[in-house]
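All remarks here apply to the structure that follows.
The values are calculated or read from the model by the stated rules, or taken from the named source; none is laboratory data. This one's a predicted model, so the numbers in the text were calculated from it and none came from an experiment. No Cβ is skipped: glycine too gets one built from the backbone with ideal geometry, and neighbour counts run over all protein chains shown. The protein model used for the area step is the full one, side chains on, heavy atoms only, and it has no ligands, DNA or RNA in it. Shrake-Rupley method; radii C 1.70, N 1.55, O 1.52, S 1.80 Å.
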Amino acid sequence: MCSNRNERSEAFRATMDQYASRVVLCAGTGCVANGALEIHERFRTAMAERGLKAAVTLHKEEGDAILSESGCQGFCQIGPLVTVLPEGLFYTKVKPADVMEIVETTLRKGEAVERLLY
């Protein structure tokens with residue numbers, strides 16, 4: 001069983017290494033109720049407008065960044081939540097209007113949007 005776990009772990013790392021960034025949106029009930037689905041669509045649009053190719057799932061797709069959803073992270077009161085990896089940035093209370101700033105500042109320039117940080 002350990003070798004299966006190691007193989008899966010190595011396969012996941014190899015897949016993730018294809019992307020410069022990973023944007024994870026909370027898709028728990030609280031975040032969805034506060035607009036996470038619209039934020040997801042805004043990320044797709046904003047990334048395309050900035051010339052970033054986004055792989056939207058963990059399937060093998062070509063792209064600069066992967067855009068995926070997570071389950072509830074337990075912070076419903078400060079959602080919608082967006083995590084950007086490998087930087088480890090954890091953004092809270094993200095609004096659709098914040099997406100273009102995250103794409104431009106974080107994904108393109110590698111800088112944090114300070115006002116959204118946890």
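Which condition number does Lys60 fail, the rest of (1) in contact with a helix residue (DSSP H, G or I) (Cβ under 7 Å, 6 or more places away or on another chain); (2) modelled with pLDDT of 75 or more; (3) in a loop (DSSP other than H, G, I, E, B) being met?
Result: Lys60 passes all but (2).
Condition first: under 24 Å from Met100 (Cα atoms) and in contact with a Leu (Cβ under 9 Å, 6 or more places away or on another chain). Now tell me which residues in segment 8-18 satisfy that.
Selection gives Met16 alone.
When the residues of segment 94-118 are narrowed to those that are hydroxyl-bearing (Ser, Thr, Tyr) and not in a loop (DSSP other than H, G, I, E, B), which ends up least open to solvent (accessible area, probe 1.4 Å)?
Within segment 94-118, the match that is least open to solvent (accessible area, probe 1.4 Å) is Thr106.
I need the full set of residues from segment 74-93 which are assigned to a loop (DSSP other than H, G, I, E, B), open to solvent by 60 Å² or more (accessible area, probe 1.4 Å) and at negative phi, in order please.
Selection gives Phe75, Pro86, Glu87.
Scan segment 34-50 residue by residue and report those that are under 12 Å from Lys95 (Cα atoms), surrounded by fewer than 18 Cβ atoms within 10 Å (Cβ to Cβ) and aliphatic (A, V, I, L, M).
Leu37 - this is the single residue of segment 34-50 that is under 12 Å from Lys95 (Cα atoms), surrounded by fewer than 18 Cβ atoms within 10 Å (Cβ to Cβ) and aliphatic (A, V, I, L, M).
What are the residues in segment 67-110 that are at pLDDT 95 or above and among the aromatic types (Phe, Trp, Tyr), if any?
Phe90, Tyr91 - these are the residues of segment 67-110 that are at pLDDT 95 or above and among the aromatic types (Phe, Trp, Tyr).
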